[in-house]
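The values are calculated or read from the model by the stated rules, or taken from the named source; none is laboratory data. Remember, predicted model here, so these are calculated numbers, not experimental data. Positions of Cβ are backbone-derived with ideal geometry, glycine not excepted, and every protein chain shown enters the neighbour counts. Protein only, heavy atoms only, side chains kept; ligands, DNA and RNA dropped before computing areas. Shrake-Rupley method; radii C 1.70, N 1.55, O 1.52, S 1.80 Å.
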Amino acid sequence: QIFQAVVSCVGRDGTIYIIPKSLEIELNKLMTEIQSNFMCLGLLESYSWKKGDACVVRGSDTMWYRGKVVELGVGTLQVQYIDRGCIEMVPQCHLYPTTSYTDIPPFCIPCELYKTKPIGNIWQQDAVDCLQELLTNEEVEIHVQELPDNPWGKLSVNLYFGGMSLSSFMAYQKFCETEDCQDVLKVVRFVYIPVLPSYTLPPLPVPGDTLPVRVTHLVSPKEVYICFGPSKNLTKQPATEGDASCGSEVMSLDEALQWCNKSVESLPLLTHFQREMPCLVEYQDGLWYRAKLLSVEEFDPVKILVQFVDYGSFSVVPTGRLRHIPYHLLKYPVQAVRVLLTGFKPASYDKNVERIPYSPEWSVEALWAMMECIEGKQLSASILALSPEITISLYEDDENLVHMKLIEMGLADLDE
């Protein structure tokens, strides 16, 4: 049997609770009736709860739901929402005993993945987190493989999201082993991951090394973002399985982004926002670039501050210009690295000079002067330290320190 369903909950043990789409109208009718019958309930006086008692429970959204007591506690009870599957600790004042509706079977169905064995024989917390973020409230396709031995057991299924086997995807992430393993490498590059992943840093030079660099963004005269050029002494990071490759063919980041831009409309828009969340952002040139979310800057309409990780620059954009990032684009290290320049400091403070709002120790004139020193120039960097901050001396192609021009103009002082 094959049917469409919505995942209502993923339990802490990895059980996937689904509500068949065909039952949604019937469930909505029941919920409306429950609200009508229980909306005027007063506070319940002392009641001796027992494990397995049927009840209605007031959720955090102030709606009443059918529930069942699964564990007793002091002042709180562990209750399962029987039409959703989720289990919560609930204060006793939010529960009401009832025998109404107990003749109606639960609308959600507990499921397990067919012939899928989690690593260590139980779903680990990071795997459960992945399942919850990936599936909760999402529509999926269910292929029933085996019925449970008893009516309250778990349905054994193959589950497909976005046309892809969940078992195969979890096996690719090394959360489990499965007999139903499709060729994940052919399709995983099309899948976005709502779990909060992170970008990786590029290989870093060794202190004492000098190498060509390109400045991609200027925050202040002392804080810049650079891209490293080739060096024999880059600290190599160990390659991991699946790193930005497809078989023997290695695609560059630029090629991967070009390919992604051709099919960007197939990627979902972001609907939830977390700090540092990787994403794709549409730039002013109409192309989409890798970025991460930083903060909500405006609320009506919502606009988000993002940083383009391959350039270091920032932008405030509406939510319509934010999309989920395909998984394979996370395998490429960020191209721009934040560094601090050494050897100089701001000139003496003059309150009559226009200052950089976010870095008031520097004048706006110093910022523009530094921009002229580096824009379109062939530069090199001498790496002084990698910790706690990456610190460099920045040179022009004639081997003169870039900041010397600011000192000559009286916009900076030497910092011994």
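A compact table of results
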| item | result |
| --- | --- |
| Positive-end residue of Ile87, Leu30, Phe3, charge dipole of region 1-191 with Cβ unit charges | Ile87 |
| Solvent-accessible area, 1.4 Å probe, carbon plus sulfur percent, for region 307-366 | 51 |
| Relative contact order (percent, whole number), the chain, Cα cutoff 8 Å, 6+ residue spacing | 13 |
| Hits among lysines - C-alpha to C-alpha of Lys303 under 17 Å, sequence gap 8 or more where chains match | Lys292 |
| Shape of region 1-51, Cα gyration tensor, a/c cut at 1.5 | oblate |
| Where region 1-191 is the region considered: accessible area per residue in Å², 1.4 Å probe | 55 |
| Cα gyration tensor shape of region 293-416, rounded if a/c is under 1.5, else prolate or oblate by comparing a/b with b/c | oblate |
| Degrees, to the nearest 10: 24-38 long Cα axis against longest axis of the chain | 80 |
| Per residue convex hull volume, Cα atoms of the chain, in Å³ | 223 |
| Global geometry of region 1-191, whether rounded, prolate or oblate, following the gyration tensor of its Cα atoms and the 1.5 cut on a/c | prolate |
| Nearest-20 debye value, region 260-416 charge dipole, Cβ charges on Lys, Arg, Asp, Glu | 940 |
| Environment charge of Ile104, counting only residues whose C-beta is closer than 14 Å and scoring Lys/Arg +1, Asp/Glu -1 | -1 |
| Chymotrypsin sites (Phe, Trp or Tyr not before Pro) within region 348-397: DSSP coil, no more than 12 neighbouring Cβ in 10 Å | Tyr349, Tyr358 |
| Principal axis dimensions, region 253-329 - Cα atoms, whole angstrom, descending | 35, 25, 23 |
| Solvent-accessible area per residue, Å², over region 253-329 with all protein chains present [probe radius 1.4 Å] | 49 |
| Computed [θ] at 222 nm, helices only, for the chain once each DSSP H run of length n ≥ 4 contributes -39500 (n - 2.57) | -4500 deg cm²/dmol |
| 12 Å beta-carbon shell around Val316, net charge (K/R +1, D/E -1) | 0 |
| Accessible area of region 1-191 belonging to carbon and sulfur atoms, whole % at 1.4 Å probe | 52 |
| Within region 317-351, trypsin sites (Lys or Arg not before Pro) in DSSP loop having at most 13 other beta-carbon neighbours inside 10 Å | Lys351 |
| Filtered GluC sites (Glu not before Pro), region 25-79: DSSP coil and at most 10 other beta carbons within 10 Å | Glu45 |
